[in-house]
1. Only one of (1) more than 15 Å from the chain's Cα centre (by Cα); (2) buried (at least 19 other Cβ atoms within 10 Å of the Cβ); (3) of a type in the set (Lys, Arg) is not met by ARG5, so which one is it?
2. Could you say which residue among LEU220, LEU162, LEU182 is among the aliphatic types (A, V, I, L, M) and open to solvent by less than 40 Å² (accessible area, probe 1.4 Å)?
3. Restricting segment 44-63 to residues that are touching a residue at least 60 places away in the same chain (Cβ under 8 Å) and closer than 17 Å to ILE134 by Cβ, which is surrounded by the fewest Cβ atoms within 10 Å (Cβ to Cβ)?
4. If you go through segment 166-179 one residue at a time, how many are exposed (fewer than 12 other Cβ atoms within 10 Å of the Cβ) and under 28 Å from the mean Cα position of the chain (by Cα)?
5. Tell me yes or no: at least one residue of segment 119-132 is open to solvent by less than 60 Å² (accessible area, probe 1.4 Å), modelled with pLDDT of 90 or more and charged (D, E, K, R).
6. Evaluate segment 30-39: report whether one residue or more is under 18 Å from ASP112 (Cα atoms), at pLDDT 90 or above and surrounded by fewer than 19 Cβ atoms within 10 Å (Cβ to Cβ).
7. If only one of GLY102, GLY147 is open to solvent by less than 40 Å² (accessible area, probe 1.4 Å), in a strand (DSSP E or B) and modelled with pLDDT under 90, which one is it?
8. Assuming ARG7 fulfils every condition listed in (1) in a strand (DSSP E or B); (2) farther than 19 Å from GLU95 by Cβ apart from one, which condition is it?
Amino acid sequence: MERLRERDLYGPVRDYLESLGYEVKGEVKACDVTALRDGELLVVELKTGFTLELIYQAVDRQRVADGVYVAVPLPRRGYMAPRIRDMQSLCRRLELGLIFVGFTSGGIPQVDVAVHPKEASAPRRDKKRRLAVIREHAGRTGSANGGVSRQKILTLYKEQSLQAARLLREHGPLRAEEVRRLGGPENSAGILSRNVMGWFERSPAPEGRRYLYAVSGKGLEALEEYGHLLL
């Protein structure tokens, strides 16, 4: 098989975690993978090699998560490969989990959890960051970002803005409350009125007390660029 990319690791890791009952999202607040189940937060950092940078990232994620894994491709020689034991030993010492992702000759992914992270025994040090990760995870509607390092990333705010823009493109000018009733985000009024990214245009409604919003040229361009990432 050709050299794996991070996006090749994401799908198998996601499927494994979902099989355990976790809700999984990709690229949440700089975390490659977040998984939530009954208030428990797991983070998985993906890399195509077992590097010092990967370890730095994983240790940092321990400040917000109940458990942190690193996931890398299984070496060609499998568990006979050099340094495998060293990798496992280091992860155990740092209380990190270790996931190997391999592929059969037919391209079927296989996930092997070589080390499970030690369960957190003390409160995490950065409750604010933890809450921000959980809120972003919960607010996202899908897993479109998985494994898209250095490519287009949807933040929660951008996703909500795209949802509003898509409704305006489909239905024409609308009031903010109409966008929300049609399935737009709960904070549609704030998104439309602030118009942070310039995706909307507004004009006085016929009664003169509220505004009608329409999608702008920049909004249409954004839908072309990012729309395929929406559910």
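1. Single failed check for ARG5: (2).
2. None of the others qualify; the one that does is LEU162.
3. In this case the residue turns out to be ARG63.
4. Looking only at that region, the number is 1.
5. Scanning segment 119-132, I find at least one residue that is open to solvent by less than 60 Å² (accessible area, probe 1.4 Å), modelled with pLDDT of 90 or more and charged (D, E, K, R), so the answer is yes.
6. Taking every residue of segment 30-39 in turn, none turns out to be under 18 Å from ASP112 (Cα atoms), at pLDDT 90 or above and surrounded by fewer than 19 Cβ atoms within 10 Å (Cβ to Cβ).
7. Values: GLY147 fails: in a strand (DSSP E or B).
Every option except GLY102 fails the conditions.
8. (1)
The values are calculated or read from the model by the stated rules, or taken from the named source; none is laboratory data. Note that the structure is predicted; figures quoted are calculated from it, not measured. FYI the Cβ positions are ideal-geometry reconstructions off the backbone, even for glycines, and counts take in every protein chain you see. Surface areas here come from the heavy atoms of the whole protein model, side chains and all, with no ligands, DNA or RNA. Shrake-Rupley method; radii C 1.70, N 1.55, O 1.52, S 1.80 Å.
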